[in-house]
Amino acid sequence: MNSKRLKGLAVTALVALVVMLSLGLVAIPSASAASTTTVVTESDVSRYAEDTPPLKNWVIYTPNAGTATFRSGPPTPPLGAGSLELSTPTGNDKVTVFNYHHMGTALSAIDAMGYSTYRSAGNLQQVAALNIEVDVNGSAPGGFTTLVFEPVYNTDQDAVVSGEWQTWDAFNGGNAIWWSSRTIPGAYSPNDITAPSGAPLYVSWNTILANNPNAFIVGGFGVNQGSGNPALTTAVDALTIGAGGNTTTYDFELYHVAMNKDQCKNGGWQNVTRSDGTSFKNQGDCVSYTNNHK
Ligand SMILES: [Ca+2]
């Protein structure tokens, strides 16, 4: 990622925070611990080329020829029947899938992060990465950076392979290895040409926390592929983040399939479908489907 792009993303994140605060979309901590799974489909995302303030909680940025496509399979996703497939045909392409619902969350409160991938094209250790846009110094000026988790630097987890679903623990009790797009206390950016020989580049989550106790999420949380990932195709599912005992897992799917009759009520039947994506005629049609699954 070049510096112009990083600067643009920083501006985007700040604008995003203002927009989301004004819309009341910033996460509000709930009183008790909970685990929730949220289905995410094309209808939940807004798409932009790049550097545009988000108007929904989910945004997909695809500068150049990067793509992100909701699809069924590949078999068998960890959640549901579908996933979100990222593709970067050339090294110039990039695709970023960000959720902005967790802005304001202190990094010190985070107690779970992870995702699953299925690589159908690519080699070596290339695979989609986890990204978080953070402000490492709280209310002090500056401090924006993007923290990046990549399986290649987490050698205690599996080697990346093609043709099967793999699950990555990006928290790992605070021991997961991350890097920072900009130099921050405790971690030099791998792109920082002023970094002294032997400077820490790839450090544990706990190291980042210890050196940046006031850090918080200031923008997007999600997955990124490229630039620099030519001929890579990665399906992603079960994107997870937990804070303060509350864990949210995002299930990427082609459709919002009706699972219970409550989803059919109050006009809700218009927003859900059968598992094959076909719509309902009315509330009764929807309720009947959730009772009989046909
Ligand atoms: Ca899924």
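The values are calculated or read from the model by the stated rules, or taken from the named source; none is laboratory data. Note that the coordinates shown come from a computational prediction; the quantities given were computed from them, not determined experimentally. Positions of Cβ are generated from backbone atoms using ideal geometry, with glycine treated the same way; all protein chains shown enter the neighbour counts.
State yes or no: is GLN283 more than 16 Å from the ligand (Cβ to nearest atom) and either closer than 15 Å to MET113 by Cβ or assigned by TED's automatic domain parsing to the domain that holds SER108 (or both)? Here the answer is no, as GLN283 does not meet what is asked. Residue selection: PHE98 satisfies the criterion of being more than 16 Å from the ligand (Cβ to nearest atom) and among the aromatic types (Phe, Trp, Tyr).
Is one or more of the residues making up region 213-228 assigned to a loop (DSSP other than H, G, I, E, B), out of contact with any Cys (no Cβ under 6 Å at 6 or more places or on another chain) and under 27 Å from SER87 (Cα atoms)? Yes: region 213-228 contains one or more residues that are assigned to a loop (DSSP other than H, G, I, E, B), out of contact with any Cys (no Cβ under 6 Å at 6 or more places or on another chain) and under 27 Å from SER87 (Cα atoms).
Quick one: would you say ASP192 is among the acidic types (Asp, Glu) and more than 16 Å from the ligand (Cβ to nearest atom)? Give the derivation first.
Numbers: among the acidic types (Asp, Glu): yes; more than 16 Å from the ligand (Cβ to nearest atom): yes.
Yes.
The set of residues from region 243-258 being part of a strand (DSSP E or B), closer than 21 Å to PRO74 by Cβ and not acidic (Asp, Glu) comprises THR249, TYR250, PHE252, VAL257.
When the residues of region 46-59 are filtered to those that are more than 16 Å from the ligand (Cβ to nearest atom) and under 14 Å from TYR250 (Cβ atoms), which remaining residue is modelled with the highest pLDDT? Ranking the candidates gives VAL59 first.
Quick one: count up the residues across region 170-212 that are part of a loop (DSSP other than H, G, I, E, B) and in contact with a strand residue (DSSP E or B) (Cβ under 7 Å, 6 or more places away or on another chain). Give the derivation first.
To start, the set of residues in region 170-212 that are part of a loop (DSSP other than H, G, I, E, B) comprises 170-171, 175-176, 181-183, 185-186, 188-202, 212.
Checking the rest, the ones that are also in contact with a strand residue (DSSP E or B) (Cβ under 7 Å, 6 or more places away or on another chain) come to 170-171, 175-176, 181-182, 186, 189-190, 200-202, 212.
Residues flagged as part of a loop (DSSP other than H, G, I, E, B) and in contact with a strand residue (DSSP E or B) (Cβ under 7 Å, 6 or more places away or on another chain) within region 170-212 amount to 13.
Would you say THR240 is assigned to a strand (DSSP E or B), within 16 Å of the ligand (Cβ to nearest atom) and hydroxyl-bearing (Ser, Thr, Tyr)? Show your work before the answer.
On the way: assigned to a strand (DSSP E or B): yes; within 16 Å of the ligand (Cβ to nearest atom): yes; hydroxyl-bearing (Ser, Thr, Tyr): yes.
Criteria met by THR240.
Number of residues in region 63-95 that are surrounded by fewer than 22 Cβ atoms within 10 Å (Cβ to Cβ), within 16 Å of the chain's Cα centre (by Cα), in a strand (DSSP E or B) and within 12 Å of the ligand (Cβ to nearest atom) equals 1.
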